[in-house]
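To keep things clear, I will list the structure first and then write my remarks on it.
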Amino acid sequence: MEKIIEVKNLHVSFKTHNGTVKAIRGVDFDLYKGETLAIVGESGSGKSVTTKVLMGILAKNGIIDEGEVLYNGKDLTKLSKKEMVAIRGKEIAMIFQDPMTSLNPTMTIGYQISESLIEHQDLDKKTARLKAIELIELVGIIEPEKRYRQYPHQLSGGMRQRIVIAIALACNPKILIADEPTTALDVTIQAQILELIKELQIKIGLSIIFITHDLGVVANVADRIAVMYAGKIVEYGDSAEVFYEPKHPYTWGLLASVPDMDDQDNELYSIHGAPPNLLYPPKGDAFSARSEYALNIDLEEQPPFFKISDTHYAATWLLHEDAPKIEMPQSLLKRIEEMKKGALNHGK
């Protein structure tokens, strides 16, 4: 498969009044043409910061200390603001979790889509209007001409998110970054938006980076999954490998936290404790303080990536040949079997 983005040894820090926060601590991943890569982790894990580097929209106090982000032979971290403006939106586009903060409440939907087309594709107003109506229809909204004349407050939350997607697609980007695009939506609308993104990827040939804190959300969307914790990727692999054969205790915790809609009697699992303060990054494995499976070495040394298959790797000392043999909890094994059955029933 053709690589479209290569992130190599990325380190990002933020200068604050309290000191320097080491937000990203050596992240590596590739994005391939036409695939969906999900980056999963709790708030503060570094997933959104990573994608902001790709978009060139890092906060003013953010510093790229080290690393490369290669796109079409160019290192995006070295480009000027003017050079990034030419790429942002036109080649790499982004949609955010709350459509109301992405849309201007004082302007019609049509104007906001057309404005992007006129600015980035040099279309005249009439052509931009026709293209905007096509885009509204493409994202599954009925009566597109009527919606073109309406304002954001006249649309439902699901419709607004579809419009945000239409704006992101206006300039035919090669890469779409979806940052928690369904968090603000109810479960039914969430499923519709996820299905829409999946359909658009096939129809347009997009490469997608999907950011979420919820592994369950990407079950039927992602081709590959990267699990992030405390500014590092701790496990990555094909979607089925990470879902059905997880190896890192943090991934076990995330999977156990996915709500089971068929069993509402059991208490929802949550990972105890909190992520480390990255003003003072831990010496060893960042997850060790929250893991009941932590070994003595976890407190002293960061684990390397251990190879599980040609596509599946995890950074945990539990995979070392000298480590005690610890299997994932029986309750999670049972849950994974249930997820497998559910996937088969849905044709995945």
Next item on the list: Can you run the Rg to Rh ratio on segment 267-330? Use alpha carbon positions and the Kirkwood inverse-distance Rh.
Entry: 0.99
Notebook entry, point to check: How large, in percent, is the carbon and sulfur part of the accessible surface of segment 1-148 at a probe radius of 1.4 Å?
Noted result: 51 percent
Item checked: For segment 13-136, share of DSSP beta bridges that run antiparallel, in % to the nearest 5 -> 90 percent
Notebook entry, point to check: So what J values fall out for segment 124-134 if you push phi through Karplus, 6.51 cos²θ - 1.76 cosθ + 1.60 with θ = phi - 60°, rounded to Hz, Gly and Pro as x?
Noted result: 7, 4, 5, 5, 4, 5, 4, 5, 4, 5, 4
Note to self: Could you work out [θ]222 nm for the chain from helices alone, using -39500 (n - 2.57) per DSSP H run of at least four and dividing by all its residues? Round to the nearest 500 deg cm²/dmol.
What the structure shows: -9500 deg cm²/dmol
Check: When N is the residue count of segment 1-129, what does its C-alpha Rg come to as a fraction of 2.2 N^0.38 Å?
Finding: 1.21
Checklist line | Surface/4 of the Cα convex hull for the chain, nm² | finding: 19.2 nm²
Next item on the list: Select from segment 10-73 those trypsin sites (Lys or Arg not before Pro) which occupy a DSSP coil region and have at most 10 other Cβ atoms within 10 Å, ordered by residue number.
Entry: Lys60
Checklist line | For Ile5, residues with placed amide H under 5 Å, excluding near neighbours | finding: Leu31
Margin query: Taking θ = phi - 60°, what integer Hz values does the Karplus form 6.51 cos²θ - 1.76 cosθ + 1.60 yield along segment 241-250, in sequence order, with x for Gly and Pro?
Written below: 5, 6, 6, 9, 9, x, 10, 8, x, 5
Item checked: For Phe210, distant residues with modelled amide H under 5 Å away -> Leu37, Ala38, Ile39, Ala178
Item checked: Note, ³J(HN,Hα) from phi for segment 95-112, Karplus 6.51, -1.76, 1.60, rounded to Hz, x at Gly and Pro -> 10, 10, 6, 10, x, 5, 7, 8, 10, 7, x, 8, 10, 5, 4, x, 4, 5
Notebook entry, point to check: Of Glu245, Glu300, Glu115, which is the most mobile in a GNM of the chain whose springs link Cα atoms less than 10 angstrom apart?
Noted result: Glu300
Next item on the list: Just the number, please: percent antiparallel of the DSSP beta bridges in the chain, rounded to the nearest 5.
Entry: 60 percent
Check: Of the beta bridges DSSP finds with both residues in segment 69-211, what % are antiparallel, to the nearest 5?
Finding: 15 percent
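The values are calculated or read from the model by the stated rules, or taken from the named source; none is laboratory data. Remember, predicted model here, so these are calculated numbers, not experimental data. No Cβ is skipped: glycine too gets one built from the backbone with ideal geometry, and neighbour counts run over all protein chains shown. What goes into the accessible areas is simple: the full protein's heavy atoms, side chains included, and nothing from ligands, DNA or RNA. Shrake-Rupley method; radii C 1.70, N 1.55, O 1.52, S 1.80 Å.
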